[in-house]
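This report concerns only the one structure given below.
The values are calculated or read from the model by the stated rules, or taken from the named source; none is laboratory data. Just so we're clear, the structure is a prediction, and the values are computed from it rather than from any experiment. No Cβ is skipped: glycine too gets one built from the backbone with ideal geometry, and neighbour counts run over all protein chains shown. Calculation scope for accessible area: heavy atoms of the full protein, side chains included, ligands and nucleic acids excluded. Shrake-Rupley method; radii C 1.70, N 1.55, O 1.52, S 1.80 Å.
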Amino acid sequence: MAVSPTLLLMDRNLLARKQNARLDRQNDVGWKLFGKVPLRENAQKDAKKTQKEYEDKAGRPSKPPSPKQNVRKNLDFEPLSTTALILEDRPANLPAKPAEEAQKHRQQYEEMVVQAKKRELKEAQRRKKQLEERCRLEESIGNAVLTWNNEILPNWETMWCSRKVRDLWWQGIPPSVRGKVWSLAIGNELNITHELFDICLARAKERWRSFSTGGSEVENEDAGFSAADREASLELIKLDISRTFPNLCIFQQGGPYHDMLHSILGAYTCYRPDVGYVQGMSFIAAVLILNLDTADAFIAFSNLLNKPCQMAFFRVDHGLMLTYFAAFEVFFEENLPKLFAHFKKNNLTPDIYLIDWIFTLYSKSLPLDLACRIWDVFCRDGEEFLFRTALGILKLFEDILTKMDFIHIAQFLTRLPEDLAAEGFFASIATIQMQSRNKKWAQVLTALQKDSREMEKGSPSLRH
């Protein structure tokens, strides 16, 4: 059937409009998420060109890698990329590497790989050794816990002074039974009960409230002490707590043990208003809190401070403190004569370094785990071990201290190294002999107390 020219013209016009619309859409401004950008001029690309662009973006070569580029992939150990740069080919716009230079670089690279492997193997061996030691330590602690719980603690009165128990004590008490052993070893000569602790704590809280509200009530038992002294003691407690084991962040305001420490120190000032609070007490109380319940820690704390040596220092009995220093120097000269002479030459007296050690029972000066081991043996041997430990520290650093002057010695002993190994530390203490002219610590101390007036003249009592 014949088609009219008018219809043909209409079909051509319609086809032309569709083609123009398609071209317009290709040239139109395209849209992206954060703005409009012009579309690419050629939206359709062949497969090879598309793949080449993808490989360029991904950073992969468009052609298979050469054997040289595959060298590092075949190695079983790949060092840092910066050390492997010597194997990279030079850019195309530079001359190629000479064969000798390439060989030299390969040798250097192989040497780097060998050294890296040696370091890695050495580090792996070190980690393996540490793991074995840790497992061995955990096993020994587990066995020790069983021994303490099943054999020693049920038969404390008959076994605590036996040779076997003393050896176990020296090796360190397991943390899980440490508090119980300390309580038994320190004892409770003062017969303090949990009820007495509650009474003292209630009085302390009442006193805190009184001072916070500006009250001026004075309890009968505190009648001999001024309100200024009591307030100063309370302020000192607050200040010292913030400085007690600051790295642990558990005793400071808001910490889990802040209130416990504050309670024990406050209760003690009510229990012993004649002693009050003295700097250093917070460290002793804190160590006890870490190993005992609050009431038991208060009982141990009060009985520990009632020991002759601690009472002499915390009550600042100068005469008795000088007697302890003199006794220490007797054994200092006996065990470390060269260092003793060096200290004398530099006028370095024991009070410069001993006071801080004795006041805090080494808990401030030594790492906490090491300080707890010192406490273990201190609970076994008493005050003698505190001074033996001091001599052990001096023995351990004798070679260093003999080369220092007064200032550097005082600074060093005030801030001991933090990386002390327990084995070497206790080995140094073990070499110290607490015997002078066939007299032990207690005998020397008693002789000096009897002859305190002649103490500075050479202690005549010790010559007979």
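Give me the count of lysine pairs in the range 303-425 whose alpha carbons sit under 29 angstrom apart, restricted to pairs 8 or more positions apart or on different chains.
Going through the range 303-425 pair by pair, I get 14.
So with the 1.4 Å probe, I'd like the accessible area per residue for the range 299-403, rounded to whole Å². Mind showing how you got there, number by number?
Details: 3660 Å² over 105 residues.
Dividing the accessible area of the range 299-403 by its residue count gives 35 Å².
When the accessible area of the range 315-464 is split by element with a 1.4 Å probe, what percent falls to carbon and sulfur?
Details: 3660 of 7390 Å².
After summing per-atom areas, the C and S share lands at 49 percent.
Take Met281, Met112 and sort them by solvent-accessible surface of the protein heavy atoms, 1.4 Å probe, largest at the top.
Details: Met281 0, Met112 75 Å².
Heavy-atom accessible area, descending, gives Met112, Met281.
To the nearest whole percent, what portion of all C-alpha pairs in the range 245-327 is separated by more than 17 angstrom? Please list the in-between numbers first.
Working: 1641 of 3403 pairs.
Percent of Cα pairs beyond 17 Å in the range 245-327: 48.
Roughly how big is the range 324-406's charge dipole about its Cα centre, with Cβ charges of +1 (Lys, Arg) and -1 (Asp, Glu), in debye to the nearest 20? Don't jump to the answer; show the numbers that get you there.
Details: 9 positive and 13 negative charges, 39 e Å.
Here the range 324-406 has a charge dipole of around 180 debye.
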